[in-house]
Every structure is written in C-alpha cells, then in structure tokens.
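Working notes for the structure below.
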Amino acid sequence: MSEKVEIMVFKCVSCDYLELYPYHCGRPMELQEERLVCWRGEHKPCCNSSSVLPLPQHHGETMKIHHALAELLPNKQVLIHEVLEN
Ligand SMILES: [Zn+2]
Ligand SMILES: [Zn+2]
Ligand SMILES: [Zn+2]
C-alpha cells in the first residue's frame, strides 16, 4: 500500500499534458523571472541537467504550475492521480 503525496507539476493550459516539476541538486528548482533556476543558483551543469531551464511549453504556451496528488512507485516512477486546481 503506498501513500499519496502532494507534488508540483506543470500542466498545459490547452490539454491534459503534464510534466513533473524539475529538481536540481536534490531540491525543487526556483521560479525566477520566467525561468527555473537551481536553489544553489546558476552553476556548472550537474545532476544530468542544466542549472537554469526555460519554463516548459506545450501547445505553444507556457505551462502552469499545479499541485497534484501522486503515488511514488517502488521503481521511482511517479504516478499522478489527480491534478488539484490552484
Ligand atoms: Zn498541450
Ligand atoms: Zn543544481
Ligand atoms: Zn547537482
């Protein structure tokens, strides 16, 4: 039995497409001036990704941050059950 946890996701404004909110160096990235920056600030790429990312887009529009209820599966996959309206 696994518990549901609240996570952050990006959701397309036009369809149901979801993306997990990115982490860097073990913590969620920070939203700064329309981009996502590692909590440690801009630094040399590590953790297999850049420390600064543009906000994700879908259908030509910037995706919106939502909270969602998800289940963390044993294989480290995240199963999103329900997107909460903000
Ligand atoms: Zn879309
Ligand atoms: Zn980092
Ligand atoms: Zn790192």
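The values are calculated or read from the model by the stated rules, or taken from the named source; none is laboratory data. Note that this is a predicted model, so its numbers are computed, not measured. Note: ideal-geometry Cβ built from the backbone for every residue, glycine included; neighbour counts use all protein chains shown.
In this structure, does residue 41 turn out to be within 16 Å of ligand 3 (Cβ to nearest atom) and under 20 Å from residue 78 (Cβ atoms)?
For residue 41, the condition - within 16 Å of ligand 3 (Cβ to nearest atom) and under 20 Å from residue 78 (Cβ atoms) - is not met.
Only one of (1) in a strand (DSSP E or B); (2) over 14 Å from the mean Cα position of the chain (by Cα) is not met by residue 19, so which one is it?
(2)
Taking region 39-83 on its own, how many of its residues are without any contact (Cβ under 8 Å) to a residue 60 or more places away in the chain and in a strand (DSSP E or B)?
Going through region 39-83 one residue at a time, the tally reaches 14.
Could you go through region 1-9 and let me know if any residue there is at pLDDT below 95, touching an Asp or Glu at 6+ places or on another chain (Cβ under 6 Å) and loosely packed, with under 12 Cβ neighbours inside 10 Å.
Checking region 1-9: at least one residue is at pLDDT below 95, touching an Asp or Glu at 6+ places or on another chain (Cβ under 6 Å) and loosely packed, with under 12 Cβ neighbours inside 10 Å.
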